[in-house]
Amino acid sequence: MYRQADPSPSSALSPAPSATSREAGEMSLTDRFNKYNALIFDGRLPIPKLKWSRARTRLGQMACRRKSSWGRTRYYDFTISVSTYYNLTQDQIDDVLIHEMIHYSIAYTGLKDTSAHGTVFQGMMDSINRRFGRHITISARTRNMEPRQAQPPKDYLVLALEMRDGSHYLSSVSPSAAGKLALMLTRVREVASYGWYRTQDEYFRNMPRVRSLRGRRVSPEVYRTMTGKMRRC
């Protein structure tokens with residue numbers, strides 16, 4: 001059965017463009033951490049490992065190690081990273097950092113939450129937004145964000161499928177998996193028609209290159225528009 005892929009990877013926080021890489025570095029990540037640790041977290045958080053990253057699929061990340069013993073879990077070796085790949089304003093970068101500091105605070109203090117962004121996280125986030133005029137969110141889509149530097153065009157191998165139930169899918173396919181998928185398509189009864197295309201369209205930049213029969217479900221209008229402007233293989 002053809003499976004629908006996640007529409008886009010979720011990242012940690014706030015969207016939208018501005019700032020240059022120089023602006024991102026005007027205030028070090030350590031300085032930013034110390035500022036918000038004192039302002040929001042009453043200086044309770046030890047400084048973790050802090051680093052800038054070039055991640056595309058997430059704006060920030062809080063990572064740590066864990067050790068369980070006698071029914072208790074201890075978290076240690078904390079790292080917070082913030083991506084400079086996208087053209088974010090200083091306020092947006094700070095929102096990303098504070099988002100990760102909330103995760104850090106919950107893990108460091110041993111609070112139990114219902115999920116990664118559960119009731120404890122959301123309660124802290126909402127309180128910080130109200131008290132300090134922040135715009136922290138649970139997640140942000142990076143698909144339409146502008147990179148700091150223009151990216152060279154890439155070639156994409158696209159599989160376009162129309163299903164017997166009237167649904168439409170587009171997949172960015174790893175070229176090495178094309179032969180395997182072509183063979184699989186001959187055995188999938190749900191597929192009414194399909195076509196292989198080549199393109200450099202930016203629409204596919206943040207779409208994962210798949211090696212199995214899965215893709216992004218699109219409307220018939222988007223399907224016709226995209227297949228109409230791509231080069232058929």
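The values are calculated or read from the model by the stated rules, or taken from the named source; none is laboratory data. Predicted model only: the values in this text are computed from it and were never measured. Please note: Cβ atoms are built from the backbone with ideal geometry, for glycine as well, and neighbour counts cover all protein chains shown. Just so you know, the surface numbers come from the protein's heavy atoms only, side chains and all, with ligands and any DNA or RNA stripped out. Shrake-Rupley method; radii C 1.70, N 1.55, O 1.52, S 1.80 Å.
Structure above, values below:
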read-out	value
Any hit, region 40-53, residues being assigned to a loop (DSSP other than H, G, I, E, B), surrounded by 13 or more Cβ atoms within 10 Å (Cβ to Cβ) and at pLDDT below 95	no
Qualifying positions in region 54-78 - open to solvent by 90 Å² or more (accessible area, probe 1.4 Å), closer than 19 Å to residue 208 by Cβ and touching a Ser or Thr at 6+ places or on another chain (Cβ under 6 Å)	58
Qualifying positions in region 140-159 - of a type outside the set (D, E, K, R), farther than 15 Å from residue 88 by Cα and either in contact (Cβ under 8 Å) with a residue 60 or more places away in the chain or open to solvent by 40 Å² or more (accessible area, probe 1.4 Å) (or both)	151, 152, 153, 157, 158
Top-ranked residue in region 160-188 [being of a type in the set (S, T, N, Q) and farther than 22 Å from residue 57 by Cβ; ranked as surrounded by the most Cβ atoms within 10 Å (Cβ to Cβ)]	167
Residues of region 71-87 that turn out to be at pLDDT below 90 and of a type in the set (A, V, I, L, M), as a count	0
Residues being surrounded by fewer than 17 Cβ atoms within 10 Å (Cβ to Cβ), of a type in the set (Ser, Thr, Tyr) and within 26 Å of the chain's Cα centre (by Cα) - total across region 190-221	2
